Amino acid sequence: MLGLIGRKIGMTRIFDDSGVVIPTTVIEAGPCFVSQRKTKENDRYEAIQLGFGTKKEKLVTKPLLGHLKKTNCPPLRILKEFKSVSPENLQPGQEVKVDVFKPGEYVKVTGFSKGRGFAGGVKRHGFSGGPKSHGQTNKYRAPGSIGSTTSPGRVWKGKRMAGHFGGEKITVRNLKVVKVDKERNLLLVKGAIPGANKSFVTIEKI
């Protein structure tokens, strides 16, 4: 299996055998349920559809609930597809746990960054703002001039200005698996991952 769906718990630190501090992110990885197996005969590609997190049955749409009941899966909160090396080893309805990962492996984690709403240039792009003296009035955080001359007579696309900040899909690669807690379904990876605490992420082997 090449990946799992999980939930970000938060960050902590642990010490290795030599006493070096390792900053880690704790992820509740699984247990996931195999809700569908894609095959070349039926779908023209091979993949495994996994589901993570449960919720009340009345909150699940009837088409999705029927799809899950075909494989005897509980009402799942989120579904994702993963490429599988050997999908025939995983059967619909099977439970996949965090033990698919091992300490020392490298993974990539995908999630949505924290949404910060409409932000100005200083917060969004790190602009320094205007001068704080010489007659300056209420323009400390203004972006300054944004246009060109008569040619082209417009603002170029991609100009760094105020706008929507955060809430974007981000993938962090080459995160080392530090520890795997099979009993509590916890995965500790070195470094930070995108998203707020309790947000959903996908973990895939590299």
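The values are calculated or read from the model by the stated rules, or taken from the named source; none is laboratory data. These numbers were taken from a predicted model, which means no experiment stands behind them. Note: ideal-geometry Cβ built from the backbone for every residue, glycine included; neighbour counts use all protein chains shown. Surface accessibility is based on the protein's heavy atoms, side chains included, excluding ligands, DNA and RNA. Shrake-Rupley method; radii C 1.70, N 1.55, O 1.52, S 1.80 Å.
Per-structure values
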{"quantity": "Residue among Val155, Val96, Val107, Val178 that is hydrophobic (A, V, I, L, M, F, W, C) and more than 27 Å from Pro194 (Cα to Cα)", "calculated": "Val155"}
{"quantity": "Pairs where the first residue, in region 40-57, is of a type in the set (Val, Ile, Thr) and the second is assigned to a loop (DSSP other than H, G, I, E, B) and open to solvent by less than 90 Å² (accessible area, probe 1.4 Å), C-beta under 6 Å, 6+ apart", "calculated": "Ile48/Ser84; Ile48/Leu90; Thr54/Pro74; Thr54/Pro75"}
{"quantity": "Some residue of region 32-49 being under 20 Å from Pro194 (Cβ atoms) and among the acidic types (Asp, Glu)", "calculated": "no"}
{"quantity": "Candidates Val172, Val155, Val177 - the one that is without any contact (Cβ under 8 Å) to a residue 24 or more places away in the chain and among the β-branched types (Val, Ile, Thr)", "calculated": "Val155"}
{"quantity": "Which numbered condition Ser199 misses (of (1) surrounded by fewer than 14 Cβ atoms within 10 Å (Cβ to Cβ); (2) touching a residue at least 24 places away in the same chain (Cβ under 8 Å); (3) within 19 Å of Arg7 (Cα to Cα))", "calculated": "(1)"}
{"quantity": "Extreme residue, farthest from Arg77 (Cα to Cα), among residues of region 26-48 that are in contact with a Lys or Arg (Cβ under 7 Å, 6 or more places away or on another chain) and surrounded by 11 or more Cβ atoms within 10 Å (Cβ to Cβ)", "calculated": "Glu46"}
{"quantity": "Search result, residues across region 156-185 that are open to solvent by 60 Å² or more (accessible area, probe 1.4 Å), in a loop (DSSP other than H, G, I, E, B) and farther than 18 Å from Gly126 by Cβ", "calculated": "Trp156, Lys157, Lys182, Glu183, Arg184"}
{"quantity": "Close pairs from region 132-147: first touching a residue at least 12 places away in the same chain (Cβ under 8 Å) and farther than 12 Å from Gly120 by Cα, partner open to solvent by less than 70 Å² (accessible area, probe 1.4 Å) and in a loop (DSSP other than H, G, I, E, B), Cβ under 6 Å, at least 6 apart", "calculated": "Ile146/Val155"}
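Yes or no, residue by residue, for (1) assigned to a strand (DSSP E or B); (2) under 19 Å from Lys205 (Cβ atoms); (3) modelled with pLDDT under 90; (4) not charged (D, E, K, R):
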{"position": "Leu4", "(1), (2), (3), (4)": "yes, yes, no, yes"}
{"position": "Thr25", "(1), (2), (3), (4)": "yes, yes, no, yes"}
{"position": "Ser35", "(1), (2), (3), (4)": "yes, no, no, yes"}
{"position": "Tyr45", "(1), (2), (3), (4)": "no, yes, yes, yes"}
{"position": "Gln49", "(1), (2), (3), (4)": "yes, yes, no, yes"}
{"position": "Lys58", "(1), (2), (3), (4)": "no, no, no, no"}
{"position": "Ser84", "(1), (2), (3), (4)": "no, yes, yes, yes"}
{"position": "Gly104", "(1), (2), (3), (4)": "no, yes, no, yes"}
{"position": "Val107", "(1), (2), (3), (4)": "yes, yes, no, yes"}
